[in-house]
Amino acid sequence: MSDREPVASAETSEAQIAVHWKEEALIHPSPRFIAQANLADPSVYERFALDNFPECFKEYADLLSWDRYWHTTLDTSDAPCWKWFVGGRINACYNCVDRHLPKYKNKAAILFVPEPEDEPLVALTYRELYVRVNEFAALLRDFAGLKAGDRVTLHMPMTPELPITMLACARLGIIHSEVFGGFSGQSCAGRIADSGSTVLITVDGYHRNGAMIDHKVNADIAVEAAGELGQSVDKVLIWQRYPGKSVSKTPLVKGRDYIVNDLLKDFAGRRVDPVSMPAEDPLFLMYTSGTTGKPKGCQHSIGGYMAYVAGTSKYIQDIHPEDVYWCMADIGWITGHSYIVYGPLALAASSVIYEGVPVYPDAGRPWRIAERLDVNIFHTAPTTIRMLRKAGPDEPAKYDYHFKHMTTVGEPIEPEVWKWYYEVVGKGEAVIVDTWWQTENGGFLCSTVPALTPMKPGSTGPGVPGIHPVIYDDDGNEIETGSGIAGNICIRNPWPGSFQTIWKDRQRYVDTYYAKYCKDPKSKDWRDWPYLAGDGATQAADGYYRILGRIDDVINVAGHRLGTKELESAALMVEEIAEAAVVPVADEIKGRTPDIYVSLKPGFEANKETEAKVVKAIEGTIGKIARPKHVYIVPDMPKTRSGKIMRRVLAAISNTLDIGDVTTLANPDVVEEIRVLVQGKEKVATKEAPEDLKRFGEEG
Ligand code: WTA
């Protein structure tokens, strides 16, 4: 692994890499779906051809209500920091709430399903959402003293207060930075400090897998740790899960902690005008893992982002205002921002928010919710599909719900799992879109257009309208279209949903995403700046892409990105640990999970306690999602003569792959010792493996 980003190496020279599943036959959408679809006109691909770029995206921007129309669709003068719809003024909250009132004020905007099944569901109409967003915006402005351009960190779980908070920020032009509720207080602190937030918004607690989680305790950890990083937080605003009753045992800190529900009494009935914002100002930050220890704050714009999520929600998700739409992702990730909150609400849909875990109290839960609410669009990740299939393969048939459309996102989906999703969950009635994209992108990059392009299990599809992918080899040569040869997938053109930069780190933005294939660093022409996604991919003869996985040191665990360096730094905080190396290991449900190898400082002995300390350090620093599958205490790390840890060798051992030639290592004998420790004495047969596992840590 090199210290510089990107560390991309797809070994494309090796060419014609065997892919891990075969090409599947195409499946066509039903005439019934096509008849009602928002987009069934094949001329869309022509309208969004490169010849019509960038003006084609006016179609998406016109789905929004603008305070002032823009004069320049795309300004490339600060390449590769693209500015969309320049001169335009707009408010994201107005577009998701106010503008729907004349027609839809009595329609459910948010349908909140609490995890305890005996607790009634909450339907917030657009009118109610309007009232609550206004009152909270007044509080943010007049009590917390926040204004346009300020950053606020949110550390909130899946309750309606999260979109209310986001929309209230958007109403005032405040930049929100939501940290996934499952992340630890410590990781929240890093994001508070990086974004420069002086206010933290959180909740006292929430239900998760049958337990009440005390979440307020994380705020105390976060504020203290942020202070150590030089960022002081002067107000912590705490929503109560049950207004008037605290579910957290953690005491309030006087003069710092405030219960939102108490404060709101002073703001009852208040209205706050939406602030008319320049289109290219930031709407939010979303932190994601990279190849170095420090997460990157992806900065998303107001106008471009809103146009892109509205357009893709309408045409790829096929959302109509009458639809009941349920995306089971967490709002703490980009999928939730784009496809639970901003996209669906911009289109006046009813968006379902479920508080808990999918299989609580049993594997029939999602289908009972779908039946009860008459959900007709369903959106989730392969991990969840695998989990639901394992826990209750026959459950969906027991419930009377009917989906017209389903989405899979976040990881490659095995054709076998895809088929269960299609036949059992979708009852053969629903189209499926396999959408490939990233936190950085704002919205979908590749997917079929559900009424136009047939589905192919295991393949994401072509670029969505207006997105023009290309696959390069490591030397920057274009891999022949449709050749099935693996390489690094890039996008030729900018698009409105793309992030604008990494918060306060333009250089890292340029280095990570553009430096590798930039044709001329001085150029102001977008054609010279292909976007490097960081995934390996192939393109079949029919133009469909198959995503092979990350080409960097990022592990995709259950559809969530974890930087191996983040886990390693956490482990190194344990006193006994001298060195740490994290590798991805294939997992039946989660796709990949991390294995961690550690070596001890002299004088320490390997034991279970040390292993437990490593797990605790990782959970405390990042969160439970980063919990390693195994902690292996090894006598020494396999190293090159220059002292670099050979993660490739460790990944091969964890996945029982061919270890390859290790004779050039400084300490070749340790490899067999580690192999025996992990696999036992008996040599295990080498398995066929997905590309990302074979390639992991190739740079040594
Ligand atoms: C992976 C999630 C295969 C990919 C929206 C990408 C996928 C990373 C797919 C981004 C898909 C996402 N098929 N792989 N349909 N969708 N990925 O930032 O490796 O959490 O780079 O965004 O997930 O993860 P992120």
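The values are calculated or read from the model by the stated rules, or taken from the named source; none is laboratory data. Since we're looking at a predicted model, the values are computed, not measured. Glycine also receives a Cβ, built like all others from the backbone with ideal geometry; neighbour counts cover every protein chain displayed.
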Looking at the structure I just gave you, is Glu115 without any contact (Cβ under 8 Å) to a residue 12 or more places away in the chain and among the charged types (D, E, K, R)?
no
Quick one: in the stretch 343-359, which of the residues that are in a strand (DSSP E or B) and under 30 Å from Trp66 (Cα atoms) is farthest from the ligand (Cβ to nearest atom)?
Ser350
For the stretch 323-334, does any single residue satisfy the condition of being outside any loop (DSSP other than H, G, I, E, B), within 16 Å of the ligand (Cβ to nearest atom) and buried (at least 22 other Cβ atoms within 10 Å of the Cβ)?
yes
Residue satisfying condition, being at pLDDT 95 or above and in a helix (DSSP H, G or I), within set Leu200, Leu139, Leu154, Leu124
Leu139
Exactly one of (1) in a loop (DSSP other than H, G, I, E, B); (2) among the small types (Gly, Ala, Ser); (3) out of contact with any Lys or Arg (no Cβ under 7 Å at 6 or more places or on another chain); (4) surrounded by fewer than 22 Cβ atoms within 10 Å (Cβ to Cβ) is unmet by Gly181. Its number?
(4)
Out of the residues in the stretch 640-689 that are touching a residue at least 60 places away in the same chain (Cβ under 8 Å), over 18 Å from Ser599 (Cα atoms) and not hydrophobic (A, V, I, L, M, F, W, C), state the one that is surrounded by the fewest Cβ atoms within 10 Å (Cβ to Cβ).
Glu688
Filtering the stretch 385-409 down to residues that are within 23 Å of Tyr315 (Cβ to Cβ) and out of contact with any Pro (no Cβ under 7 Å at 6 or more places or on another chain), which residue is surrounded by the most Cβ atoms within 10 Å (Cβ to Cβ)?
Thr407
Does Ala626 qualify as being touching a residue at least 12 places away in the same chain (Cβ under 8 Å) and either surrounded by fewer than 23 Cβ atoms within 10 Å (Cβ to Cβ) or closer than 30 Å to Pro415 by Cβ (or both)?
yes
Which ones in the stretch 397-416 are over 21 Å from Asn441 (Cα atoms) and either hydroxyl-bearing (Ser, Thr, Tyr) or within 12 Å of the ligand (Cβ to nearest atom) (or both)?
Tyr399, Tyr401, Glu414
Which pairs turn up if I take residues in the stretch 410-423 that are farther than 22 Å from Gln438 by Cα and of a type in the set (Ser, Thr, Tyr) and look for partners that are assigned to a helix (DSSP H, G or I) and within 15 Å of the ligand (Cβ to nearest atom) with beta carbon separation below 9 Å, at least 6 apart in sequence or on another chain?
Tyr421/Pro382; Tyr421/Ile385
Filter the stretch 251-270 down to the residues that are assigned to a loop (DSSP other than H, G, I, E, B) and free of Cβ contacts under 8 Å to residues at least 40 places away in the same chain and list them by number.
Pro251, Leu252, Val253, Lys254, Gly255, Arg256
Considering the stretch 115-153, residues that are buried (at least 21 other Cβ atoms within 10 Å of the Cβ) and β-branched (Val, Ile, Thr), and then whichever is farthest from the chain's Cα centre (by Cα), we arrive at Val133
Within the stretch 554-585, restricting attention to residues that are β-branched (Val, Ile, Thr) and away from the ligand (no atom under 11 Å from the Cβ), which residue is surrounded by the most Cβ atoms within 10 Å (Cβ to Cβ)?
Val582
Answer yes or no: is there a residue in the stretch 487-497 that is polar (S, T, N, Q), out of contact with any helix residue (DSSP H, G or I) (no Cβ under 8 Å at 6 or more places or on another chain) and assigned to a loop (DSSP other than H, G, I, E, B).
no
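Using the structure shown, decide if Asp362 is among the acidic types (Asp, Glu), more than 14 Å from the ligand (Cβ to nearest atom) and surrounded by fewer than 21 Cβ atoms within 10 Å (Cβ to Cβ).
yes
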Neighbours by Cβ (under 6 Å, 6+ apart or cross-chain): first from the stretch 434-455, among the small types (Gly, Ala, Ser); second near the ligand (Cβ under 10 Å from one of its atoms) and at pLDDT 95 or above:
Gly443/Ser338; Ser447/Val433; Ser447/Thr435; Ser447/Gly461
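Answer with yes or no whether Glu588 is at pLDDT 95 or above, of a type in the set (D, E, K, R) and away from the ligand (no atom under 16 Å from the Cβ).
Values: at pLDDT 95 or above: no; of a type in the set (D, E, K, R): yes; away from the ligand (no atom under 16 Å from the Cβ): yes.
The answer is no for Glu588.
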Which numbered condition in (1) of a type outside the set (D, E, K, R); (2) more than 15 Å from the ligand (Cβ to nearest atom); (3) surrounded by 23 or more Cβ atoms within 10 Å (Cβ to Cβ); (4) closer than 22 Å to Pro163 by Cα is the only one that Ile369 fails?
(3)
Just name the residue that is surrounded by the most Cβ atoms within 10 Å (Cβ to Cβ) out of those in the stretch 539-553 that are within 12 Å of the ligand (Cβ to nearest atom) and not in a loop (DSSP other than H, G, I, E, B).
Arg546
Could you tell me how many of the residues in the stretch 304-348 are among the polar types (S, T, N, Q) and under 14 Å from the mean Cα position of the chain (by Cα)?
2
Taking the residues in the stretch 437-464 that are part of a loop (DSSP other than H, G, I, E, B) and touching a helix residue (DSSP H, G or I) at 6+ places or on another chain (Cβ under 6 Å) as candidates, determine which candidate is farthest from the ligand (Cβ to nearest atom).
Ala451
